[in-house]
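What follows is a single structure, written as structure tokens, with notes after it.
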Amino acid sequence: MELQITDPHYREKSQALTALHGVIDPELYINIVDLGLVYDLDFSNPEEIILTMTLTTPHCPLEEAISNGVENVMTPLFPDRKLNLNIVWEPEWNMSMMSDEAREQLGF
Amino acid sequence: MNPAIGNTPKEYAVVPFYATAAVVFFIFTLLMFIAAPQFAAHYFHGKTLALVHTAALGWATMIIFGAAYQLLPVIFERNLYSSILALASYFFLLAGSILLIFSFWYFFLSWGMISGGISVIVAVLLYCFNVFKTADFKKNKLNIQNYFIISSALYLLITCTIGLLLVINLAYPFFNISHLEILKLHAHLGIVGWFLQLITGISVRLVPMFLLSKSNKSHLLSLSFIFQNVGILGFTLDRYFTGSPARSTLYLILVGVGIFYWLFYLRDTYKNRLKRKVEVQMKFAFISFGFLIASLFVALLILNFSDIQWSTLYGTFIFLGWISAIILGKTFKTLPFIIWNTRYKTLHGKMKLPMPKDLYIEQWIHYQYKLFVAAMLLLTIGIVSNILLIIKAGLFLWILIATLYIINIFKILFHKKQLTDGTSNNRSTLP
């Protein structure tokens with residue numbers, strides 16, 4: 001997910017992405033932002049955050065742990081907003097979505 | 001919970017299988033050492049039958065059931081139908097395995113042996129019911145990976161039903177054809193139908209997941225499915241109805257072609273992997289494929305030469321070289337994650353947590369791997385040259401492998417929460 005400085009919610013999104021760096025995929029030991037799992041953050045409704053993300057594998061046994069991790073970092077950061085976690089499978093996650101840091105950690 | 005997120009199976013549906021399999025594996029290695037002279041004798045002997053069923057039921061099928069209950073949601077992309085039924089299957093499989101192994105070891109041809117067979121069948125029926133209800137193929141479209149899992153479950157049921165008939169025939173003979181002929185069908189339906197198809201189905205889902213890879217060559221899997229099934233069904237029906245081994249080489253080749261199509265698919269996922277570093281757990285998988293291929297060549301020797309050692313070597317390659325190797329590696333790609341999930345999933349993101357790999361001693365898996373290579377080398381030399389001392393040396397190394405394995409497994413199972421506040425270095429252990 002790319003962040004534009006012209007985005008009206010730049011500050012919130014930047015804070016959210018920094019916090020989401022703390023959520024690690026326990027299999028790969030890489031955070032979900034660098035893995036490219038976070039597709040979108042929507043702060044347009046002042047009462048909620050819609051976080052659209054995917055996972056590397058549908059029905060992965062660790063998906064509950066990852067979604068809990070997202071809630072655990074986002075809820076204290078934005079206590080006045082309700083987190084709406086939207087897990088999607090389209091577009092399907094692929095390697096091009098990873099950051100250079102993530103690729104480096106995987107040995108590329 | 002987010003509706004897009006599935007429920008993981010309950011801990012009690014998975015963990016007892018892993019714990020019991022580890023204990024049985026350790027006992028199995030001790031029994032092999034005690035019964036080492038059987039490695040130079042004909043396979044139709046009580047102690048050999050006990051060893052084979054300890055490996056096939058108490059070790060391999062036990063841990064495969066546990067892994068399958070954990071992974072069926074990943075494979076079918078929907079929740080496990082019932083954790084309770086999974087637990088029930090555990091008790092029946094455990095009771096059946098104990099009764100059968102004990103009866104074979106002392107060769108008690110009694111109702112204890114038959115009860116063991118019935119108990120295993122009940123466990124298998126419960127497993128099949130859970131698989132079919134999870135697959136829910138009336139509502140959902142299945143892919144080729146799913147077909148492998150479903151067919152393997154059916155083969156397991158057929159294998160165990162024939163096994164029950166065999167133990168009844170031992171106590172109360174009623175077969176009008178050779179017991180040993182039916183035993184061969186029972187063994188190969190189990191090896192090719194159950195183990196091979198189950199491992200094929202699970203591996204083609206997990207290996208890409210572990211290597212972060214993808215293959216678009218699913219036609220290889222379809223071909224693998226066709227060849228494996230034509231081979232094993234042809235062998236079974238031909239041997240049953242004609243009693244002739246004349247076409248056995250053909251069926252062996254058909255199964256072999258099926259295996260190669262599967263391995264070509266895995267090679268493609270390996271070539272396309274994103275995770276460049278290959279972990280030792282995956283090395284176990286790769287060496288296990290080598291032993292599977294080697295067992296095909298040994299099977300050719302069995303078909304052409306009547307020497308006892310080729311049958312022993314074949315069984316050794318199948319149960320130790322292939323199935324045990326793949327389990328020794330894959331256990332550490334599943335169990336630490338299962339336990340980590342139960343301990344830490346609600347705490348993820350709140351504080352610095354140990355990762356699944358921190359739940360066991362990874363270095364020991366490297367030792368296990370080296371011991372495995374040495375043990376298989378010694379066993380192969382010992383069996384081919386028929387030297388008991390070398391066989392015993394190989395079997396002693398297997399005891400060491402099982403010791404490392406069981407300690408690591410129980411280290412994972414008894415892991416207590418270790419919490420480190422991300423802002424400080426205070427570490428505490430919680431119950």
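The values are calculated or read from the model by the stated rules, or taken from the named source; none is laboratory data. Here the structure is a predicted model, which is why all the values come from computation and not from measurement. Using ideal geometry, Cβ is built from the backbone for each residue, glycine included, and neighbour counts are taken over all protein chains shown. All accessible areas refer to the heavy atoms of the entire protein, side chains included, with ligands and DNA or RNA removed. Shrake-Rupley method; radii C 1.70, N 1.55, O 1.52, S 1.80 Å.
Checking each residue in region B:70-84 for being away from chain A (no Cβ under 11 Å) and either open to solvent by less than 10 Å² (accessible area, probe 1.4 Å) or hydrophobic (A, V, I, L, M, F, W, C) (or both) picks out only B:ILE84.
For region A:26-61, give me each residue that is part of a strand (DSSP E or B) and open to solvent by less than 10 Å² (accessible area, probe 1.4 Å). Answer for region A:26-61, where residues must be part of a strand (DSSP E or B) and open to solvent by less than 10 Å² (accessible area, probe 1.4 Å): A:ILE30, A:VAL38, A:LEU41, A:ILE49, A:LEU51, A:MET53.
For region B:238-291, give me each residue that is acidic (Asp, Glu), away from chain A (no Cβ under 14 Å) and closer than 30 Å to A:MET95 by Cβ. Even if it seems obvious, please write down each step before you answer.
Here is the first cut: in region B:238-291, the ones acidic (Asp, Glu) are B:238, B:268, B:279.
From what is left, the residues that are away from chain A (no Cβ under 14 Å) are B:238, B:268.
If the condition is that a residue be acidic (Asp, Glu), away from chain A (no Cβ under 14 Å) and closer than 30 Å to A:MET95 by Cβ, then B:ASP268 is the only one that fits.
Report yes if A:HIS9 is more than 13 Å from every other protein chain (Cβ to nearest Cβ) and at pLDDT below 90, otherwise no. Against the criterion (more than 13 Å from every other protein chain (Cβ to nearest Cβ) and at pLDDT below 90), A:HIS9 qualifies. Would you check if B:THR380 is polar (S, T, N, Q) and either surrounded by fewer than 17 Cβ atoms within 10 Å (Cβ to Cβ) or without any contact (Cβ under 8 Å) to a residue 40 or more places away in the chain (or both)? Criteria not met by B:THR380.
Being facing another protein chain (nearest Cβ under 10 Å), touching a residue at least 60 places away in the same chain (Cβ under 8 Å), surrounded by fewer than 21 Cβ atoms within 10 Å (Cβ to Cβ) and hydrophobic (A, V, I, L, M, F, W, C) is a property that A:LEU106 has. Search region A:62-83 for residues being within 28 Å of B:LYS10 (Cβ to Cβ) and not in a helix (DSSP H, G or I), and hand back the single one that is farthest from the other protein chains (Cβ to nearest Cβ). The selected residue is A:LEU83. Identify the residue in region A:46-61 that is over 9 Å from the mean Cα position of the chain (by Cα) and within 30 Å of B:VAL207 (Cα to Cα) and, among all such residues, is farthest from the other protein chains (Cβ to nearest Cβ). Looking at the filtered set, the residue picked out is A:LEU55.
Taken together, the residues in region B:339-363 that are within 22 Å of B:LYS283 (Cβ to Cβ) and either under 21 Å from the mean Cα position of the chain (by Cα) or not in a helix (DSSP H, G or I) (or both) amount to 3. Every test in (1) buried (at least 17 other Cβ atoms within 10 Å of the Cβ); (2) in contact (Cβ under 8 Å) with a residue 40 or more places away in the chain; (3) of a type in the set (Gly, Ala, Ser) is passed by A:ALA65 save one, and that test is (2).
Looking at B:LEU51, B:LEU87, B:LEU57, just one residue is open to solvent by 40 Å² or more (accessible area, probe 1.4 Å) and away from chain A (no Cβ under 14 Å), and that residue is B:LEU87. When the test is whether a residue is within 20 Å of B:LEU292 (Cβ to Cβ), part of a helix (DSSP H, G or I), more than 22 Å from the chain's Cα centre (by Cα) and not acidic (Asp, Glu), B:LEU220 passes it. Evaluated against (1) aromatic (Phe, Trp, Tyr); (2) facing another protein chain (nearest Cβ under 9 Å); (3) touching a His at 6+ places or on another chain (Cβ under 9 Å), A:PHE43 falls short on exactly one condition, (2). Examine region B:26-37 for a residue that is in a helix (DSSP H, G or I), under 30 Å from A:TRP89 (Cα atoms) and open to solvent by less than 30 Å² (accessible area, probe 1.4 Å), and state whether such a residue exists. So far as region B:26-37 goes, no, none of its residues is in a helix (DSSP H, G or I), under 30 Å from A:TRP89 (Cα atoms) and open to solvent by less than 30 Å² (accessible area, probe 1.4 Å).
Given the condition within 19 Å of B:ALA402 (Cα to Cα) and within 14 Å of another protein chain (Cβ to nearest Cβ), answer yes or no: does some residue in region B:26-42 qualify? Within region B:26-42 (the criterion being within 19 Å of B:ALA402 (Cα to Cα) and within 14 Å of another protein chain (Cβ to nearest Cβ)), the answer is no, since none of the residues qualifies. If you scan region B:326-350, which residues turn out to be open to solvent by 20 Å² or more (accessible area, probe 1.4 Å) and facing chain A (nearest Cβ under 9 Å)? B:PHE337, B:LYS345, B:THR346, B:LEU347, B:GLY349, B:LYS350 - these are the residues of region B:326-350 that are open to solvent by 20 Å² or more (accessible area, probe 1.4 Å) and facing chain A (nearest Cβ under 9 Å).
Take the conditions (1) among the hydrophobic types (A, V, I, L, M, F, W, C); (2) exposed (fewer than 14 other Cβ atoms within 10 Å of the Cβ); (3) in a helix (DSSP H, G or I); (4) at pLDDT below 90; B:PHE241 misses just one of them, which is (4).
So, of the residues in region B:351-368 that are of a type in the set (D, E, K, R) and within 23 Å of B:PRO16 (Cα to Cα), which turns out to be surrounded by the fewest Cβ atoms within 10 Å (Cβ to Cβ)?
Among them, the one singled out is B:ASP358.
In this structure, does B:SER218 turn out to be polar (S, T, N, Q), surrounded by fewer than 17 Cβ atoms within 10 Å (Cβ to Cβ), at pLDDT 95 or above and under 28 Å from B:MET282 (Cα atoms)? No; evaluated as a whole, the condition is false for this residue.
What about B:ALA123, is it touching a residue at least 12 places away in the same chain (Cβ under 8 Å), buried (at least 17 other Cβ atoms within 10 Å of the Cβ) and under 17 Å from B:ALA68 (Cα atoms)? Taking the combined requirement at face value, the residue satisfies it.
Residue-wise test of (1) exposed (fewer than 15 other Cβ atoms within 10 Å of the Cβ); (2) touching a residue at least 60 places away in the same chain (Cβ under 8 Å); (3) in contact with a helix residue (DSSP H, G or I) (Cβ under 6 Å, 6 or more places away or on another chain).
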{"site": "B:ASN272", "(1), (2), (3)": "no, no, no"}
{"site": "B:ARG276", "(1), (2), (3)": "yes, no, no"}
{"site": "B:VAL280", "(1), (2), (3)": "no, yes, yes"}
{"site": "B:ALA285", "(1), (2), (3)": "no, yes, yes"}
{"site": "B:SER288", "(1), (2), (3)": "no, no, yes"}
{"site": "B:ALA299", "(1), (2), (3)": "no, no, yes"}
{"site": "B:PHE305", "(1), (2), (3)": "yes, no, no"}
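Residues in region A:78-96 that are within 14 Å of the chain's Cα centre (by Cα) and at pLDDT 90 or above: A:LEU83, A:ASN84, A:LEU85, A:ASN86, A:ILE87, A:VAL88.
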